[in-house]
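Participant: Sharing a structure below in structure tokens format, with a few things to ask.
The values are calculated or read from the model by the stated rules, or taken from the named source; none is laboratory data. These figures come from a predicted structure and were not determined experimentally. A quick note on method: Cβ atoms are made from the backbone with ideal geometry, for glycine too, and the neighbour counts reach across all protein chains shown. Remember, those area values only see protein heavy atoms, side chains included, never the ligands or the DNA or RNA. Shrake-Rupley method; radii C 1.70, N 1.55, O 1.52, S 1.80 Å.
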Amino acid sequence: MNNSSMIERSLRHVWHPCTQMKRHESQPPAPIAKAEGVWLYDFEGRRYLDGISSWWVNLFGHGHPHIKSALRDQLEQLDHVMLAGFTHAPVVELSERLSALTGLGHAFYGSDGASATEIALKMSAHYWRNAGHPEKSHFVGLAGGYHGETVGALGVTDIALFREAYAPLIRLAATVPSPDARGAQPGESAADVAHRAASGLERWLEQHHAQTAALILEPMIQCAAGMVMYDASYLTQARALCDRYQVHLIVDEIATGFGRSGTMFAHQQADILPDFICLSKGLTGGTLPLSAVLTTDAVYQAFYDDEVARGFLHSHSYTGNPLACRAALATLELFEQSDVLADNAALARTLDQAFAPLTQHPSVRHARRRGMIWAWEIDESFEGATPRPGFASRYAQHAMAQGVVLRPIGNTLYAMPPYALDADTAAHLAQGALAALRATLDVKDETHD
Ligand SMILES: *Cc1c(COP(=O)(O)O)cnc(C)c1O
């Protein structure tokens, strides 16, 4: 098997996600034969550093021996059993551990991030119905928020490109201003912006709380919006407002969870307790699809009844799959075996230094980092240069040529690497990122191709 035959077969029968397939005529998908640590290998032995952790899911590198051996062991014991009417050790242990980590007592499982969003929305509205407030069935989210792409999740996702074609199918939630720290006026701090955004939320809740079940947000970093970062004080204020107006707070930690933001969970930077936490992506260390929604005893108790219809009658065939739960347990064990957050803080300082020449490039605006996420806005009109369309895809191709996987969101270049980098691979990532930027911005290079 070689690269080109794999590409050809893929394009004949595979419909790739989030892709205008015709684009693949000129930019074919990269065929990957194997992965190890921070590297992806193609069928001809060329390797690429996975700078975005394979869509933000990988934590400790590919093929981690501890997760692999846990999965092998689990496969020998129990591959799968339905979770309705049955239970098993991996799901029990995982639920116990997630409860201890978050302070929320009950875990409900799905397979993808979007299904976690669906579960949280349904649970919140059903809670209010069981509590005698069926009118509290609407949701509010932040401008630019992203919570997945199933029809229900799109209702709380404020990214027009993903939503437009399906507008007639969607029950659209309200949006309130994002506390995006880049909105700071001269002399303002990120906390000032957060305060302004919280006032917007307050005005909205004042008017609409009686019909509102929940506020859903991505804590600290709105990743899909382009690594929008904001001050923790927004979460404190949002929690207080949700309490005052009797509205649930759903924190979507699907991208930010498991150390990405610098703390185990991003909302912990504000010392708040949410009503619901959505987890996925890093939950299994990037090995198998699994999502979880954690909630409070109070929510759980509102469903606990003799009447069947007051229960949460939601399910997926693979809810609580033992292999996926075991991968999640092995991932949590890696957090216990070493001080991952402290190690990441040191690694992040190494990367800050490695990225310094990129951060200082004259096209870069709003260089920022939180935890293990770096982002830079690329201003293509720097020093009188002429911006051209398609920065993100042009950059991604140059990055691949440099042996790094980096896929900007619009003009936001970002890195979200696995926690498994060392000094050499950090240098490779940073040098590749800068070389790809120079190549992308070099107009002379490209007007002839
Ligand atoms: C990726 C993501 C989702 C959706 O998860 P899928 O597994 O892709 O359905 C939801 N919310 C956030 C914050 C995400 O980053």
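Participant: Return the FRET efficiency for the residue pair D297, H80: r is the Cβ-Cβ distance, R0 is 25 Å, and the value is rounded to the nearest 0.05.
Facilitator: 0.30
Participant: Next question. Provide the FRET efficiency to the nearest 0.05 for the A210-A89 pair, computing r from the beta carbons and using R0 = 45 Å.
Facilitator: The computed FRET efficiency comes out at 0.50.
Participant: Averaged per residue, what accessible surface does region 9-143 expose to a 1.4 Å probe, in Å²?
Facilitator: Averaged over the residues of region 9-143, the accessible area is 53 Å².
Participant: Now a separate question. Tell me the carbon and sulfur percent of the accessible area for region 65-337, rounded to whole percent, probe radius 1.4 Å.
Facilitator: In region 65-337, the share of accessible area belonging to carbon and sulfur is 54 percent.
Participant: Using modelled amide H (1.01 Å from N, peptide plane; none on Pro or chain starts), what sits under 5 Å from the amide H of D252, excluding residues fewer than 5 places away?
Facilitator: L217, E218, C278
Participant: When ligands, DNA and RNA are left out and all protein chains stay put, how many square angstrom of accessible area per residue does region 164-268 have with a 1.4 Å probe?
Facilitator: For region 164-268, the per-residue accessible area is 38 Å².
Participant: On to the next question. When the distances between all Cα atoms of region 177-303 are binned every 5 Å from zero, what whole-number percent does each bin get?
Facilitator: Pairs per bin, as whole percents: 2, 11, 19, 22, 20, 14, 8, 3, 1, 0.
Participant: At what distance in nm do the modelled label points of V151 and A309 sit from each other, each positioned 7 Å from its Cα along Cα→Cβ?
Facilitator: Distance between the two pseudo-spin positions: 2.2 nm.
Participant: In the chain, how many lysine pairs have Cα atoms under 23 Å apart, counting only pairs 8 or more places apart or on different chains?
Facilitator: 5
Participant: Moving on to the next point. Could you pull out every residue, at least 5 positions away or on a different chain, whose amide H is within less than 5 Å of the one on G110? Hs are placed 1.01 Å off N in the peptide plane, and Pro or chain starts have none.
Facilitator: Hits under the 5 Å cutoff: S291, A292, V293, G320.
Participant: What angle, in degrees between 0 and 90 and rounded to the nearest 10, separates the Cα long axis of helix 322-337 from the longest principal axis of the Cα atoms of the chain?
Facilitator: In the chain, helix 322-337 runs at an angle near 70 degrees to the longest axis.
Participant: Ranked by accessible surface with a 1.4 Å probe, highest first, in what order do K22, K68, K136 come?
Facilitator: Working: K22 135, K68 95, K136 10 Å².
Output order, biggest surface exposure first: K22, K68, K136.
Participant: Over region 65-337, what portion of Cα pair distances is larger than 30 Å, expressed as a whole percent?
Facilitator: Numbers: 10439 of 37128 pairs.
For region 65-337, the share of Cα pairs beyond 30 Å comes to 28 percent.
Participant: Go through region 15-28 residue by residue and turn each phi into a ³J(HN,Hα) via Karplus (6.51, -1.76, 1.60, θ = phi - 60°); whole Hz please, and just put x for glycine and proline.
Facilitator: Going residue by residue, I get 9, 7, x, 6, 9, 7, 4, 5, 4, 5, 4, 9, 10, x Hz, with x marking Gly and Pro.
Participant: R244 to D352: FRET efficiency via 1/(1 + (r/R0)^6), r the Cβ-Cβ distance, R0 45 Å, to the nearest 0.05?
Facilitator: The value I calculate is 0.70.
Participant: Near the amide H of T175, under 5 Å away, which other amide H atoms are found, from residues 5 or more places off or on another chain, if H is placed in the peptide plane?
Facilitator: G141
Participant: What Rg and what Dmax come out for region 27-183 when only alpha-carbon atoms are used, in angstroms?
Facilitator: Reported Rg and Dmax, both Å: 20.4, 62.
Participant: Need one number: the % of Cα-Cα pairs in region 295-436 sitting beyond the 19 Å mark.
Facilitator: Pairs farther apart than 19 Å: 65 percent.
Participant: Picking from S53, S95, S363, which is most flexible by a Gaussian network model of the chain using Cα springs under 10 Å?
Facilitator: Comparing S53, S95, S363 in a Gaussian network model of the chain, the most mobile one is S363.
Participant: If one takes the longest principal axis of the Cα atoms in the chain, at what angle in degrees, from 0 to 90 and to the nearest 10, does the Cα axis of helix 65-77 lie?
Facilitator: Roughly 50 degrees, rounded to the nearest 10.
Participant: In degrees between 0 and 90, to the nearest 10, how far off the longest principal axis of the chain does helix 233-244 point, with axes built from Cα atoms?
Facilitator: Computed tilt is about 20 degrees.
Participant: In terms of the ratio Rg/(2.2 N^0.38 Å) built on C-alpha atoms, what value belongs to region 179-249? Don't skip to the end; give the middle numbers.
Facilitator: Working: Rg = 12.4 Å, N = 71, 2.2 N^0.38 = 11.1 Å.
Region 179-249 yields a ratio of 1.12.
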